[in-house]
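K.L.:
Would you mind keeping the following structure in view while I ask a few things?
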Amino acid sequence: VSGLVATIDWRLSFLIHIVALVGIFVVIFGLDEPDFSNEAAEGEPVEKENFLTTAKKIPGIVWIMMICNGLISMLCMQVDLSSSYVLADMGASLQMISVSVSLAYVGYASGGLLYIPLNKIMKKFTLPAAAAISIVGQIICYFSTSPIPFIVGGIISSAGYTVSFTTVMYDITVVSDKSAVTLMNSILMFAMSFCAFFSSPFYGFAIGVTGD
């Protein structure tokens, strides 16, 4: 939507974030605070939760999954960041470039719908399957010489990334203590955003080293 309204006035694209106000009111008035208190046996002291005690409950494999997901975010983010420039070099019109930005989120939404049927088929191999989908999309983008294949590749890559992210969120919730779920999700989102921030510097360094 922001891509479409940007064709009218680029400032309007920022107003889309006003929609988030609806979510804020839903969270404040519609969601109850979950009870993660530890009920100790009679006569035993209740352990007070803090960051360190909660972090100790997160299995090592979960830390690895969160770090890997952050690295994947860094590698995939460049498709979104550079797509406008690539499409402009391919001769795409301003309207097509704006629409392509919106279509990327169609890919993200499609990935959310794809997760359930793909998980039923692939089961424990859902994450590798999601990575394969994302890789196929990026390969299409790499070899594209015109706007349409590039946009299609971006949609496929976005769908694969969403399935990957959803799988990671589900898996880390299943294998960990419920009292650590909130902290895990916070660290997961931090890792994604932190690594995505370094996407452009990383690719800039890679281009400087490889010359391509």
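K.L.:
Using beta carbons and a limit of 9 Å, which pairs, at least six apart or on different chains, have the first residue in segment 191-212 and polar (S, T, N, Q) and the second one outside any helix (DSSP H, G or I)?
P.N.:
Partner pairs satisfying both residue conditions: none exist.
Every residue, every condition in (1) under 12 Å from the mean Cα position of the chain (by Cα); (2) open to solvent by less than 40 Å² (accessible area, probe 1.4 Å); (3) over 19 Å from Gly70 (Cα atoms), yes or no:
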site	(1), (2), (3)
Lys120	no, no, yes
Pro128	no, no, no
Ile133	no, no, no
Ile139	no, no, yes
Ile148	no, no, yes
Ala159	yes, yes, no
Thr166	yes, no, no
Met189	yes, no, no
Phe205	no, no, no
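K.L.:
For segment 81-100, how many residues meet the condition of being part of a helix (DSSP H, G or I) and open to solvent by 50 Å² or more (accessible area, probe 1.4 Å)? Give the steps one after another, and end with the answer.
P.N.:
Taking segment 81-100 as the starting set, the residues that turn out to be part of a helix (DSSP H, G or I) are 81-89, 94-100.
Going one step further and asking which of them are open to solvent by 50 Å² or more (accessible area, probe 1.4 Å), we end up with 81, 85, 88-89, 94-96, 99.
Of the residues in that region, 8 qualify.
K.L.:
For the list (1) among the polar types (S, T, N, Q); (2) within 19 Å of Ser164 (Cα to Cα); (3) in a loop (DSSP other than H, G, I, E, B), I need the number of the one condition that Thr145 fails.
P.N.:
Against the list (1) among the polar types (S, T, N, Q); (2) within 19 Å of Ser164 (Cα to Cα); (3) in a loop (DSSP other than H, G, I, E, B), Thr145 comes up short only on (2).
K.L.:
Assess whether Ile116 counts as being within 19 Å of the chain's Cα centre (by Cα), modelled with pLDDT under 85 and not in a loop (DSSP other than H, G, I, E, B). Give the derivation first.
P.N.:
Values: within 19 Å of the chain's Cα centre (by Cα): yes; modelled with pLDDT under 85: no; not in a loop (DSSP other than H, G, I, E, B): yes.
Against the criterion (within 19 Å of the chain's Cα centre (by Cα), modelled with pLDDT under 85 and not in a loop (DSSP other than H, G, I, E, B)), Ile116 does not qualify.
K.L.:
Checking Ile155 against (1) touching a residue at least 40 places away in the same chain (Cβ under 8 Å); (2) within 18 Å of Met74 (Cβ to Cβ); (3) not acidic (Asp, Glu): exactly one of these is not met. Which one?
P.N.:
(2)
Quick grid of which residues meet (1) under 30 Å from Asp177 (Cα atoms); (2) at pLDDT 85 or above:
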site: Trp63; (1), (2): yes, yes
site: Gly70; (1), (2): yes, yes
site: Met74; (1), (2): yes, yes
site: Val86; (1), (2): no, yes
site: Met90; (1), (2): no, yes
site: Ser93; (1), (2): no, yes
site: Met96; (1), (2): no, yes
site: Ser100; (1), (2): no, no
site: Tyr105; (1), (2): no, no
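The values are calculated or read from the model by the stated rules, or taken from the named source; none is laboratory data. Please read all numbers here as calculations on a predicted model, not as lab measurements. Glycine also receives a Cβ, built like all others from the backbone with ideal geometry; neighbour counts cover every protein chain displayed. Just the protein is used for accessible areas: all its heavy atoms, side chains included, with ligands, DNA and RNA removed. Shrake-Rupley method; radii C 1.70, N 1.55, O 1.52, S 1.80 Å.
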